[in-house]
Amino acid sequence: MPEQSNDYRVVVFGAGGVGKSSLVLRFVKGTFRESYIPTIEDTYRQVISCDKSICTLQITDTTGSHQFPAMQRLSISKGHAFILVYSVTSRQSLEELKPIYEQICQIKGDVENIPIMLVGNKSDESQNREVESSEGDAMAKKWKCAFMETSAKLNHNVKELFQELLNLEKRRTVSLQIDGKKSKQQKRKEKLKGKCVVM
Amino acid sequence: MKPLERFLKKQGSHLAARAGPGAGGPLQRRQSVSRILLPAFLKEPPEQPAMEAADGRWLELRPPDAALQVLLDDIILTHSLFQPTDRFLQQLHHHFLMASGSPAPCWEEGEVLPRKQAVLTVLLHFLETFKGILQEDESAGKVIKDLYLLIMKDASLYHELEDEILKLHQLVETVELKVTEETQPPNKQVKPLFRHFRRIDSCLQTRVAFRGSDEIFCRVYMPDHSYVTIRSRLSASVQDILSSVTEKLQYSEEQGTREEALILVAVASSGEKAVLQPSEECVFTTLGINSHLFACTKETFESLVPLPEEIQVSPGDTEIHRVEAEDIANHLTAFHWELFRCIHELEFVDYVFHGERGRRETANLELMLQRCSEVQHWVATEILLCEALGKRAHLLKKFVKIAAICKQNQDMLSFYAVVIGLNNAAVSRLRLTWEKLPGKFKNLFRKFENLTDPCRNHKTYREVLTKMKPPIIPFVPLILKDLTFLHEGSKTLLDGLVNIEKLHSIAEKVRTIRKYRSRPLCLEMESSPSQLQTKAYVRQFQVIDNQNLLFELSYKLEPSSQ
Ligand SMILES: Nc1nc2c(ncn2[C@@H]2O[C@H](COP(=O)(O)OP(=O)(O)OP(=O)(O)O)[C@@H](O)[C@H]2O)c(=O)[nH]1
Ligand SMILES: [Mg+2]
């Protein structure tokens with residue numbers, strides 16, 4: 001039996017300890033904690049409304065260690081949208097996103113049509129900041145993706161992050177439609193814009 | 001009742017007689033063997049009055065040394081029936097200490113060395129039998145280490161023991177006892193137990209045995225099919241698993257304490273649920289093929305539904321249609337030989353008798369059983385996913401051929417599994433398909449059915465098996481059935497004495513397994529890319545294990561004729 005095609009799959013990538021799990025859990029459960037448990041791979045499911053009907057949002061929280069290249073490839077090929085997280089307190093963590101971004105390009109091909117959000121987390125740690133927000137912005141421009149700074153700890157921009165990501169999809173599904181003519185596509189684009197909201 | 005103590009006390013001089021200084025001639029030894037052995041170990045069970053006599057004869061028939069060797073092997077293999085391993089070793093330790101006490105409290109001067117040698121002989125046999133699995137038993141490891149140090153201290157005093165001590169030294173080294181003082185080996189690799197964590201390259205590697213201390217990754221699902229992956233020891237208890245899950249999920253510390261306790265449930269693809277008890281250990285290898293672990297509260301238990309069926313093959317487009325029967329059969333045999341070899345002989349004993357005494361892991365045996373069931377379902381799945389009648393009949397023929405080649409390979413496990421798979425009610429009801437099978441293959445399959453017929457206690461199969469020479473892969477479930485039968489057929493203890501006859505028959509069964517594996521299996525297989533692809537396919541079947549679903553597919557292919 002084929003997998004439920006109704007699922008919308010978001011995958012979160014980034015180096016170890018940048019706060020991927022913290023962002024996901026803040027979003028899914030509304031909680032945060034100081035202690036650190038490294039992730040292997042977790043997936044959370046949420047019901048969202050999507051173009052008047054219901055579908056499941058699947059958020060896959062991946063490992064920051066590079067132990068499982070095969071699992072990483074699999075999540076990229078199954079994913080519909082991607083969140084690339086670094087910590088503003090570590091320039092290294094931004095560097096580490098490059099190979100992941102490149103792999104997404106390689107597996108997905110046409111990345112311009114895939115929702116990708118570059119995220120600088122731990123924006124609350126102003127004292128230890130290593131990466132300026134302008135640098136994140138520049139990288140996002142280069143990668144032709146969206147950008148945001150967040151704090152899982154202070155619950156800053158977390159919900160916005162996911163909403164924004166889904167909005168990106170709404171704009172682009174339309175252009176991804178294989179059938180239908182251009183005019184029709186454009187109409188749908190208007191129609192669909194902003195319809196995918198988190199319940 | 002202290003059987004080991006008795007054994008050592010009575011046998012001390014005889015186990016050592018080979019090298020002992022004042023050892024008598026063979027005749028003298030034989031006499032004392034039968035004199036001492038019988039009262040110590042054999043108790044005439046009321047329902048079998050002939051046993052003592054029969055056993056006496058058994059001793060007469062063999063040279064005493066060999067008989068003792070067998071007896072020793074019997075006891076080492078089966079001691080866990082009446083005594084936990086660490087207790088067994090403690091007694092051994094105790095005896096050595098007693099022999100060292102100078103002067104020995106109850107023994108004459110000349111008896112000290114033979115007694116020590118007896119302890120050494122038992123210890124050596126023990127180490128040789130247990131080998132790698134000793135690493136899992138910390139308390140046993142500790143006793144062995146202590147005993148080893150004691151013996152080493154003595155080494156200079158008793159030159160006669162030199163050979164044994166050298167051997168002991170080597171064995172202890174190869175066993176690499178893990179004792180608490182020593183540091184744990186740093187980051188041991190996590191072994192891929194579950195399919196989602198298996199990588200193509202690792203599935204192509206030769207299987208090595210799983211041990212309880214191995215770390216594995218495991219997904220635990222929530223009622224809404226969210227999941228977390230935890231890292232766990234293979235031997236972890238349900239309680240340990242649940243606390244890892246709770247730790248991950250209760251992300252906010254303060255809030256956590258108020259949350260309701262979780263229970264762990266195994267949910268099969270059919271929807272069948274089994275609640276696992278908190279104290280249960282090593283649950284991973286006992287799961288059904290497409291079963292998953294769920295963590296939920298008592299309230300949400302009812303609402304648990306199985307994960308959607310994983311299999312996603314376009315009908316008639318799997319590897320099986322591309323590959324020759326011979327290649328599939330050979331890869332099956334090669335893989336099953338690997339799995340069979342990973343099973344420690346004590347796992348057979350422990351599997352049947354666990355629950356009576358402290359439990360050792362039987363993971364490798366469980367994986368073999370799981371695989372056996374997987375192969376059965378694979379056969380049914382492949383046939384039932386093949387929509388075109390002609391193609392399906394062709395596939396049926398291929399499976400009969402595969403069974404034939406497995407049998408030729410003396411891989412009776414694959415042979416049995418394929419035949420059982422073809423006999424699955426959802427497959428055997430496909431009248432149109434079976435009609436299209438060529439007569440020659442129909443006859444062949446009839447023969448196979450006859451061979452696997454359980455009537456007269458699997459007489460036909462047993463006859464075929466006795467004619468085979470090692471290497472053999474037996475149909476493992478039948479061995480377990482036999483062991484269970486032996487276990488339930490007689491008591492282990494009779495009036496406080498150990499029923500040595502029972503131990504012996506169990507040990508005999510284990511020695512059969514030893515014999516099956518006494519010669520290596522060599523199949524000639526090239527490593528071309530296409531062969532590797534077949535190998536990978538054979539090692540990671542995707543199957544439907546939900547019988548209702550198999551029936552559904554079957555009725556879709558060939559609806560009932562009125
Ligand atoms: N100050 C601050 N700390 C944070 C923030 N987000 C996460 N942390 C902390 O950073 C540490 C790592 O967070 P995780 O969310 O576990 O990191 P991860 O990216 O999931 O790490 P891996 O799973 O190993 O890849 C934890 O101790 C968190 O408490 C944040 O926004 N601000
Ligand atoms: Mg994480």
| note | Hydrodynamic radius by Kirkwood for the range B:319-557, inverse mean 1/r across distinct Cα pairs, in Å, is 19.2
| Quick one: in the range B:406-543, what % of C-alpha pairs are over 23 Å apart? | 53
| task | Sort the following peptides by mean Cβ neighbour count (other Cβ atoms within 10 Å, averaged over residues), highest first: B:369-376, B:524-531. | result | B:369-376, B:524-531
| Residues of the range B:200-311: accessible area per residue at 1.4 Å, in Å²? | 44
| query | Amide H to amide H, which residues 5 or more places from A:Phe82 or on other chains are under 5 Å from it, using H placed in the peptide plane? | reply | A:Val11, A:Ile116, A:Met117
| message | Need one number: buried accessible surface between chains A and B, 1.4 Å probe, both sides summed, DNA, RNA and ligands left out, in Å² to 100. | response | 2200
| query | Remind me, relative contact order of the range B:200-311 in percent, using alpha carbon pairs under 8 angstrom and six or more residues apart? | reply | 29
| remark: Two pseudo-spin positions, 7 Å from Cα along C-beta at B:Leu97 and at B:Glu552, lie apart in nanometres by 6.5
| note | Computed over the range A:43-178, the relative contact order (Cα-Cα under 8 Å, seq sep at least six) in percent reads 20
| Percent of beta bridges antiparallel (DSSP, the range B:200-311, rounded to nearest 5) | 90
| Put +1 on the Cβ of each Lys and Arg and -1 on the Cβ of each Asp and Glu in the range B:319-557; which of B:Leu339, B:Thr492, B:Thr534 then has its Cα farthest toward the positive end of the dipole? | B:Thr534
| query | Amide H neighbours of A:His156 under 5 Å, counting only residues 5+ apart in sequence or on other chains, H built in-plane at 1.01 Å? | reply | A:Ser151
| request: For the range B:200-311, count the residues as N, evaluate 2.2 N^0.38 Å, and divide the Cα radius of gyration by that value, please. | output: 1.12
| field | Principal axis box of the range B:326-457, alpha-carbon based, largest edge first, Å | value | 54, 31, 27
| task | Give, ordered by residue number, each residue of the range A:36-76 whose 1.4 Å probe accessible area is reduced by a minimum of 20 Å² on adding the remaining protein chains to the chain alone. | result | A:Ile37, A:Ile40, A:Glu41, A:Asp42, A:Thr43, A:Tyr44, A:Arg45, A:Gln67, A:Phe68, A:Ala70, A:Met71
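The values are calculated or read from the model by the stated rules, or taken from the named source; none is laboratory data. None of these values were measured; they are calculated from a predicted model. No Cβ is skipped: glycine too gets one built from the backbone with ideal geometry, and neighbour counts run over all protein chains shown. All accessible areas refer to the heavy atoms of the entire protein, side chains included, with ligands and DNA or RNA removed. Shrake-Rupley method; radii C 1.70, N 1.55, O 1.52, S 1.80 Å.
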